[in-house]
1. Only Lys, Arg, Asp and Glu count, each charged at its Cβ (+1, +1, -1, -1), so figure out the dipole size of the chain about its Cα centre, rounded to 20 debye.
2. Using modelled backbone amide H atoms (1.01 Å from N, in-plane), which distant-in-sequence or interchain residues come within less than 5 Å of V104's amide H?
3. Rounded, prolate or oblate: which fits segment 69-185, taking a ≥ b ≥ c as square roots of the Cα gyration tensor eigenvalues, rounded meaning a/c under 1.5, else prolate when a/b beats b/c?
4. I'd like the distance separating the alpha-carbon centroids of segment 47-73 and segment 1-41, in whole Å.
5. For H306, what residues show an amide H to amide H distance below 5 Å, using hydrogens built from the backbone and excluding near sequence neighbours?
6. Let me know the number of lysine pairs in the chain closer than 13 Å at the Cα, not counting same-chain pairs under 8 apart.
7. What stretch of the chain, leaving out the sites themselves, is the longest with no trypsin sites (Lys or Arg not before Pro) in a DSSP loop having at most 13 other Cβ atoms within 10 Å?
8. Nearest 10 degrees is fine. How inclined is helix 247-265 to the longest principal axis of the chain, computing both from alpha carbons?
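The values are calculated or read from the model by the stated rules, or taken from the named source; none is laboratory data. Keep in mind that this is a model prediction, so the values were computed, not measured. Don't worry about glycine lacking a Cβ; one is built from the backbone with ideal geometry, like all the others, and counts go over all protein chains shown. SASA here: full protein model, heavy atoms, side chains in, ligands and nucleic acids out. Shrake-Rupley method; radii C 1.70, N 1.55, O 1.52, S 1.80 Å.
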Amino acid sequence: MNEIPIIDLNKQYESIRSEMDEAIERVLKKGSFILGEEVSAFEREFAAYCGVSHAIGVASGTDALQFALLACGVGAGDEVITASHTAVATVAAIEMTGARPVLVDIDPVRYTIDPDQFMQAVTARTRAIIPVHLYGCPAEMTPILEFARKVNIQVIEDCAQAHGAIIWDRKVGSLGDAAAFSFYPTKNLGAFGDGGAVVTNNPVIAEKVRLLRQYGWKERYVSSIKGFNSRLDELQAGILRVKLRHLDKWNDRRRMAANLYLELLSGTELGLPSHAPDTLHVFHQFVIRHSRRDDLQAYLKKNGIHTLIHYPVPVHLQPAYANLGYSLGSLPNTELTAREVLSLPMYPELSNEDVERVCRSILDFLTDVIYHTVPKV
């Protein structure tokens, strides 16, 4: 029996191999590898794709979040609100600025930050909010933006899993004061290593990020501010330029696979993905829920189907963040979600036949559960 992986990056490479090899060879022949023509070209092209004025390439999505926060004036003594149900990178980036993360609960349907919980968490020290467009689903931005503007809070979108997602006919990343993207290899737009970008319409924020990514240099070897070493390299930029041309087509294919999953799994006891009608989901992950998630995952593995859990331990319950003062039961929707979510195979090259096989296995499991023939793991 052939195994079905959670993602297959080799298939993506093979589908555009000649374009990728040409881009890599072009960079190698130029002999320029840091902040050259490829990075500048990618920054222009990605800004245009996102519908913003500026994109600044950096070394990772985590750095992109940190620099966006710093460029928006966040620092020691400030508070930044975000969801606990997210990759730990979101919270790590906040702490890297010296600010304190304030973690709130999620909307259990979208799995993104609950706007009401955000509003209740605001204090005199709140400087910013990071809504995370998790799994490729846009967060509920209208109330977040309206309230943030009213109380003068910066909005920094975490778009690490949402390249190309849309709200009100606008791409995510173009709505807040700034946004951060990751180009980790498994993302909808992924490099062949780490990479990230900050996008913004604010020229002051853009210039601050450019300084932060390279030692604070306005001119070489002269630091205007204290900065870092976080640069998107030419090879990754060349690769990303090729992939960007295919991104919308790949996202369309993800939605087709997601729609087939939804069709075949509808009417079951599973929790299935959902999003608002004024948004376009890009299905970085296809995430289902079940109260016997661990048993289901083990059953699928036995049948050659790979899955992952995004994310098994909420940030507020992780040992490294015990100092934030949260306890079990603090964020009930987040904690229940973490116990039940399961990410199914999802990538543009996933065949309909493989989706059908995954669904058959899930339906078999659900039937076995009803008749109590599957022992608990």
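1. On the way: 38 positive and 45 negative charges, 146 e Å.
Value, rounded to 20: 700 debye.
2. So V104 has HN proximity to T82, A83, S84.
3. Details: a/c = 1.43, a/b = 1.24, b/c = 1.16.
Rounded is the answer for segment 69-185, as its axis ratio a/c remains below 1.5.
4. 22 Å
5. Amide H to amide H, under 5 Å and 5 or more residues apart or across chains, H306 pairs with I4, I6.
6. On the way: K187/K243; K208/K218; K208/K226; K218/K226.
Going through the chain pair by pair, I get 4.
7. Details: sites that count: R125, R220, K226, R245, K376.
By the stated rule (loop sites, at most 13 other Cβ atoms within 10 Å), 246-375.
8. Tilt of helix 247-265: around 20 degrees.
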